[in-house]
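The values are calculated or read from the model by the stated rules, or taken from the named source; none is laboratory data. On a predicted model such as this, the values are computed, not experimentally measured, just so you know. We place every Cβ from the backbone using ideal geometry, glycine too, and count neighbours over all the protein chains shown.
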Ligand SMILES: [Zn+2]
């Protein structure tokens, strides 16, 4: 491929990405506004009009902010690549450090720092203007900056040694470096599954064992029914940062734990909490988490193999606005290849993003069905209504926007399925085939 042809291809894919995203966002805004004046009939008794309108306004504000961020990112991307930003950065660092590992790590650090500084005002606006306007921000400015500092330090402490290993492999392990890098990367991901919940997350939040005895008994009863052993039930002080509520299951092995946001516990009744947890356990028992990890490993292997090919092509650099260093040791270009790959990949894969949304939504339905079998579907419906209302999630998303992006099906669709489940035993039997354990309890 010629360098010019690759530049054209890059610009064409960037334009497609921008146009599609702009089109989907404008559809979303129009659709939400068109349905702003009335609560959908099936929610009319459960959700007040004021909450529905707040959700509409929040969705529109977030979507508009998304469009603005998209334009900033596109400008930054073009600035780094075709307008010569990375070339300039590389020249400066090379003149200072000369060839070698210091130059490569310096380039990556400088690139990361500049990207972070550009994102900073956007993150700040999102938290202290957008989220604050709708009452979701619980963070102080001080906490915002301490978080940022902690993230940077932890990122450097973990990321730099990992990058150093990858650069060593790229330079010294021959044509199959990408395969060895993949092994390292995969081992690192698995290690993080243990380290994140036990070591890293506690640096940001307080985790206290759940001490509500009756809720504990209820949850332990559920875990026994579905055959799940956890290393602990914890409450996290999510309210320190945001009013959004959540529950999650994290880690594996010694790190396997169930975490409830304090905001969730404050808002839901015990039987609703049980239903939400049954949904989360559904993800685990139906092996969604394992499947996601396996898919992620397969995709990263394919991408690393692609990078293995691209980093040897001159047009890959020149087509993206960079002249590679033509030194005796060509591995000096490896850090640049990593940066270019990180920047260009999302542009070329954007149109594939509905695939991951589809698979994720399928998992959500399966987890809902699991929860309906092991707890009362009515409780999950009640919990979902509260969570959608509290999080100001729109009940009337544009169907196409939702199909493209949403990892969770729209509330109305989830609730319709759950409500049908209550009366439809045939459906229940079909769902049981998805799960090894037959229904143990049903409301
Ligand atoms: Zn889920």
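Please enumerate the residues belonging to the range 133-169 that are outside any helix (DSSP H, G or I), without any contact (Cβ under 8 Å) to a residue 40 or more places away in the chain and surrounded by 14 or more Cβ atoms within 10 Å (Cβ to Cβ). Talk me through it step by step, then tell me what you get.
So the first thing to find is which residues in the range 133-169 are outside any helix (DSSP H, G or I), and the list is 134-140.
This time we only want the ones that are without any contact (Cβ under 8 Å) to a residue 40 or more places away in the chain, so: 140.
Within the range 133-169, no residue meets the criteria.
Within the range 113-123, does at least one residue satisfy the condition of being surrounded by fewer than 13 Cβ atoms within 10 Å (Cβ to Cβ), without any contact (Cβ under 8 Å) to a residue 40 or more places away in the chain, assigned to a helix (DSSP H, G or I) and over 22 Å from the mean Cα position of the chain (by Cα)? It would help to see each step written out before you state the result.
Initially, the range 113-123 is screened for residues surrounded by fewer than 13 Cβ atoms within 10 Å (Cβ to Cβ), giving 113, 117, 121.
Filter again for without any contact (Cβ under 8 Å) to a residue 40 or more places away in the chain, leaving 113, 117, 121.
From what's left, assigned to a helix (DSSP H, G or I): 113, 117, 121.
Narrowing the set further to residues that are over 22 Å from the mean Cα position of the chain (by Cα) leaves none.
No; the residues of the range 113-123 include none that is surrounded by fewer than 13 Cβ atoms within 10 Å (Cβ to Cβ), without any contact (Cβ under 8 Å) to a residue 40 or more places away in the chain, assigned to a helix (DSSP H, G or I) and over 22 Å from the mean Cα position of the chain (by Cα).
Would you mind finding the one in 360, 353, 402, 407 that is within 15 Å of the ligand (Cβ to nearest atom), modelled with pLDDT of 90 or more and assigned to a helix (DSSP H, G or I)? It would help to see each step written out before you state the result.
Numbers: 353 fails: within 15 Å of the ligand (Cβ to nearest atom); 402 fails: within 15 Å of the ligand (Cβ to nearest atom); 407 fails: assigned to a helix (DSSP H, G or I).
Just a single option satisfies the conditions, and that option is 360.
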- State all residues of the range 266-294 that are in a helix (DSSP H, G or I), modelled with pLDDT of 90 or more, more than 14 Å from the ligand (Cβ to nearest atom) and touching a helix residue (DSSP H, G or I) at 6+ places or on another chain (Cβ under 8 Å); if no residue qualifies, say none. 270, 271, 272, 273, 274, 293
- residue 2 is checked against (1) exposed (fewer than 15 other Cβ atoms within 10 Å of the Cβ); (2) at pLDDT 95 or above and fails just one. What number does that condition carry? (2)
- Query: Between a first residue in the range 394-423 that is more than 21 Å from residue 49 (Cβ to Cβ) and free of Cβ contacts under 8 Å to residues at least 40 places away in the same chain and a second residue that is assigned to a helix (DSSP H, G or I) and away from the ligand (no atom under 14 Å from the Cβ), which pairs have beta carbons less than 7 Å apart while being 6 or more apart in sequence or on different chains?
  - Reply: 420/427
- Note on the structure: Within the range 186-223, residues closer than 18 Å to residue 155 by Cβ and not in a helix (DSSP H, G or I) come out as 205
- When residue 98 is run through (1) at negative phi; (2) surrounded by fewer than 16 Cβ atoms within 10 Å (Cβ to Cβ), the failure sits at (1)
- Selection over the range 170-184 where residues are surrounded by fewer than 20 Cβ atoms within 10 Å (Cβ to Cβ) and closer than 15 Å to residue 337 by Cα yields a count of 1
- Message: Considering only residues that are over 24 Å from residue 152 (Cα atoms), touching a residue at least 24 places away in the same chain (Cβ under 8 Å) and assigned to a helix (DSSP H, G or I), which ones fall in the range 72-93?
- Response: 78, 87
- Does at least one position in the range 325-339 carry a residue that is assigned to a helix (DSSP H, G or I), within 16 Å of the ligand (Cβ to nearest atom) and either modelled with pLDDT of 95 or more or touching a helix residue (DSSP H, G or I) at 6+ places or on another chain (Cβ under 7 Å) (or both)? no
- Message: Can you confirm whether residue 384 is surrounded by 21 or more Cβ atoms within 10 Å (Cβ to Cβ), within 16 Å of the ligand (Cβ to nearest atom) and over 19 Å from the mean Cα position of the chain (by Cα)?
- Response: yes
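For the range 310-318, indicate whether the set of residues that are away from the ligand (no atom under 16 Å from the Cβ), assigned to a helix (DSSP H, G or I) and either under 20 Å from the mean Cα position of the chain (by Cα) or surrounded by 21 or more Cβ atoms within 10 Å (Cβ to Cβ) (or both) is non-empty. Walk me through it before giving the result.
Within the range 310-318, the subset away from the ligand (no atom under 16 Å from the Cβ) is 310-318.
Those still in the list that are assigned to a helix (DSSP H, G or I) too: 310, 314-318.
Among the residues that remain, those that are also either under 20 Å from the mean Cα position of the chain (by Cα) or surrounded by 21 or more Cβ atoms within 10 Å (Cβ to Cβ) (or both) are: 316-317.
Checked against the condition, which is being away from the ligand (no atom under 16 Å from the Cβ), assigned to a helix (DSSP H, G or I) and either under 20 Å from the mean Cα position of the chain (by Cα) or surrounded by 21 or more Cβ atoms within 10 Å (Cβ to Cβ) (or both), the range 310-318 yields at least one hit.
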- Query: Given 61, 110, which one is touching a helix residue (DSSP H, G or I) at 6+ places or on another chain (Cβ under 7 Å), more than 30 Å from residue 4 (Cβ to Cβ) and surrounded by 15 or more Cβ atoms within 10 Å (Cβ to Cβ)?
  - Reply: 61
- Message: List the residue pairs whose Cβ atoms are under 7 Å apart, where the first residue sits in the range 266-294 and is within 15 Å of residue 218 (Cβ to Cβ) and free of Cβ contacts under 8 Å to residues at least 40 places away in the same chain, the second is part of a helix (DSSP H, G or I) and within 11 Å of the ligand (Cβ to nearest atom), and the two are 6 or more positions apart or on different chains.
- Response: none
